[in-house]
1. Would you mind ranking F143, F94, F239 by Cβ crowding within 10 Å, fewest neighbours first?
2. Per-residue HN-Hα couplings for region 19-32, Karplus 6.51 cos²θ - 1.76 cosθ + 1.60 at θ = phi - 60°, whole Hz, x for Gly and Pro?
3. For N202 and T4 in the same chain, what is the full-extension length gain: residue separation times 0.36 nm, less their Cα-Cα distance, in nm?
4. Based on Cβ point charges of +1 for Lys and Arg and -1 for Asp and Glu, what charge dipole magnitude is obtained for region 123-240 about its Cα centre, in debye rounded to the nearest 20?
5. Among DSSP bridges having both ends in region 123-240, what percentage is antiparallel? Round to the nearest 5.
6. With a 10 Å Cβ neighbour count serving as the proxy for reagent exposure, in which order, fewest first, do D282, D140 appear?
7. Would you mind checking the tilt of helix 61-75 against the longest principal axis of the Cα atoms of the chain, expressed as 0 to 90 degrees and rounded to 10?
8. Pull out a ≥ b ≥ c, the square roots of the eigenvalues of the alpha-carbon gyration tensor of region 8-125, then state rounded if a/c is under 1.5, prolate if not and a/b is larger than b/c, and oblate in the remaining case.
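Each reported figure results from applying straightforward, stated rules to the coordinates on display, with no laboratory input. Because the structure is predicted, anything quoted here is derived from the model rather than measured. Cβ sites come from the backbone with ideal geometry, for glycine too, and all protein chains shown count toward neighbours.
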Amino acid sequence: MTETRHTRLLIIGSGPAGYTAAIYGARAMLSPILLQGMQPGGQLTITTEVENWPGEVSIQGPELMQKMEHHAREMGAEIIVEHVVALDLSRRPFRAECDSGAAFTADALILATGAQAKWLGLPSEERFKGFGVSACATCDGFFYRGKEVVVVGGGNTAVEEALFLTNFATRVTLVHRRDSLRAERILQERLFRNPKITVVWNHVVEEVLGEQAPPGVTGVRVADVATGETRVIPCAGLFVAIGHAPASELVQGQLEMHHGGYVKVEPGSTRTSVPGVFAAGDLTDHVYRQAVTSAGMGCMAALDAEKFLAAEAGGSAAGLAAQ
């Protein structure tokens with residue numbers, strides 16, 4: 001039977017938020033344990049060039065995450081390859097159970113499980129992820145200067161991405177499966193006024209076209225939802241903007257959430273609805289979703305956890321002194 005391990009601070013998730021929390025937690029002498037999850041490094045491990053990380057003009061996503069992991073280890077954080085399948089926040093210490101059978105208890109917990117972009121589910125889409133298929137215009141739009149791109153979606157995210165991409169691309173084609181957008185009216189007005197944007201209504205993307213050597217997108221095949229008729233839209237990049245899904249299943253029904261499953265935190269902090277549980281990064285952020293903002297929230301979470309544990313220790317000491 002696997003022994004249950006206890007730690008003062010347990011961190012679940014290993015993206016920029018998780019690793020930064022581990023660095024700060026270790027510096028605060030909390031001896032944190034970080035459980036990496038099924039995708040160590042998070043979404044940046046499937047990102048090629050990163051050009052918006054301060055201090056790095058250009059760096060590969062996996063390399064950046066390796067550096068952050070190394071930094072956390074050097075500071076003294078213990079990093080374990082484990083995937084949490086069950087979490088009990090109903091009592092303290094909090095308890096996490098892993099698919100290996102291992103279990104961990106903690107006085108304070110930082111959740112940094114992130115969020116995943118929703119994809120179309122096409123084999124060709126999977127083939128070109130990181131090589132012309134992206135879910136983040138802010139991250140990758142810079143690479144499409146002077147090129148044509150396609151955005152798929154009809155909500156606020158899709159319209160905002162299309163508008164942002166006009167700063168780089170010569171033409172942006174927005175493909176939407178319906179005959180009207182779900183985006184806010186003011187965003188729609190900006191979209192329709194922009195001469196660089198063309199909207200293709202009542203169509204869905206059927207296939208991403210491209211070359212393998214070197215890998216790159218050359219176009220997308222779209223189909224009319226009514227007639228089934230297909231045509232090819234030439235482009236150098238496809239941006240999928242049909243939403244994100246926060247990885248909040250572990251705390252469903254245990255923490256207060258909003259905006260479709262994002263963990264709610266107190267304004268200006270990382271405190272959740274359960275004292276001693278903190279959340280950081282894309283798990284809580286439905287607006288910015290950037291590596292640098294996630295890292296900043298990881299720092300906040302560690303500092304919040306340190307203050308919580310210090311206050312608790314102070315209260316215990318005061319209680320003992322009064323006896």
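1. F143, F94, F239
2. Coupling constants for region 19-32: 5, 5, 4, 5, 4, 5, x, 5, 5, 8, 6, 8, 6, x Hz.
3. Working: separation 198, 0.36 × 198 = 71.28 nm, distance 5.44 nm.
Gain in length upon complete extension: 65.8 nm.
4. Dipole magnitude for region 123-240 comes out near 320 debye.
5. On the way: 14 of 30 bridges.
Here the share of antiparallel DSSP bridges comes out near 45 percent.
6. Working: D282 29, D140 24.
By the 10 Å Cβ count, ascending: D140, D282.
7. The answer is roughly 10 degrees.
8. Values: a/c = 2.49, a/b = 1.33, b/c = 1.88.
Taking the square roots of the gyration eigenvalues as a ≥ b ≥ c, region 8-125 is oblate.
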